[in-house]
1. Give me D for the chain in µm² s⁻¹, whole number, from Stokes-Einstein with Rh from the Kirkwood sum over alpha-carbon pairs, 4 °C and 1.567 mPa s.
2. At 1.4 Å probe size, with the rest of the protein present, what percent of the exposed accessible area of the chain is carbon and sulfur atoms?
3. Which angle between 0 and 90 degrees, to the nearest 10, do you get for helix 32-45 versus the longest principal axis of the chain when only C-alpha atoms count?
4. With each run of n ≥ 4 DSSP H residues scored as -39500 (n - 2.57), what mean residue ellipticity at 222 nm is computed for the chain after dividing by its residue count and rounding to the nearest 500 deg cm²/dmol?
5. Quick one: longest stretch of the chain between exposed loop GluC sites (Glu not before Pro), exposed meaning at most 15 other C-beta atoms within 10 Å and loop per DSSP?
6. Quick one: Karplus J couplings for region 69-85, per residue in order, coefficients 6.51, -1.76, 1.60, θ = phi - 60°, nearest Hz, x for Gly and Pro?
7. Kindly flag which residue pairs out of K62/K91; K68/K98; K33/K98; K28/K98; K68/K91; K33/K62 have an alpha-carbon separation exceeding 18 Å in this structure.
Amino acid sequence: AMLEFKEAVKFQQDMSMFHLWLGFTYMKLEMTKEAIASYEAAKRLDVRNMDIYYNLGFAYLKEGMRSKALDAFKKVVELSPESDAAADSMKYIDLLKK
C-alpha cells in the first residue's frame, strides 16, 4: 500500500487525502517520522481536515513531541467540537496538560 500511496502523492501532490493515507500507512509500519511528514504535507493542503490533526497528534505523541501533540488535539476540538475525535482529543489534552 505504501508504494501505491507514494505513487499517488508523486502524481497528484495537491491531494491531501493521498498524503493522509500515506501517513496512515507509515504509522502502521512504525515509521513515525515519515508519517509526520506526510500528515504535515496533508495539513498544508487542507487546514480544515480534523482527521489530519487527530492523526498528527498521535504521531507527535509517539515521537515525544508533547507540545505539538497538544496543539494538534486542540485543533481537532476547534474544528469539530461535537465529534467523537474531539471527545477523545479532550482526554489527551487533559493528560498532556498534567
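The values are calculated or read from the model by the stated rules, or taken from the named source; none is laboratory data. Note that the structure is a prediction, hence the values are computed from the model and not measured. Using ideal geometry, Cβ is built from the backbone for each residue, glycine included, and neighbour counts are taken over all protein chains shown. With ligands, DNA and RNA removed, areas are computed over all heavy atoms of the protein, side chains included. Shrake-Rupley method; radii C 1.70, N 1.55, O 1.52, S 1.80 Å.
1. Values: Rh = 13.3 Å.
Answer, rounded: 97 µm²/s.
2. Values: 3260 of 5950 Å².
Within the chain, the accessible surface is 55 percent carbon and sulfur.
3. 90 degrees
4. Values: 6 runs with 78 residues, N = 98.
Calculated at 222 nm, the ellipticity per residue is -25000 deg cm²/dmol.
5. On the way: sites that count: E30, E63, E82.
By the stated rule (loop sites, at most 15 other Cβ atoms within 10 Å), 31-62.
6. 4, 4, 4, 5, 5, 5, 5, 4, 5, 5, 6, 8, x, 9, 7, 4, 5
7. Details: K62/K91 16 Å; K68/K98 15 Å; K33/K98 25 Å; K28/K98 28 Å; K68/K91 16 Å; K33/K62 10 Å.
Correct reply: K33/K98; K28/K98.
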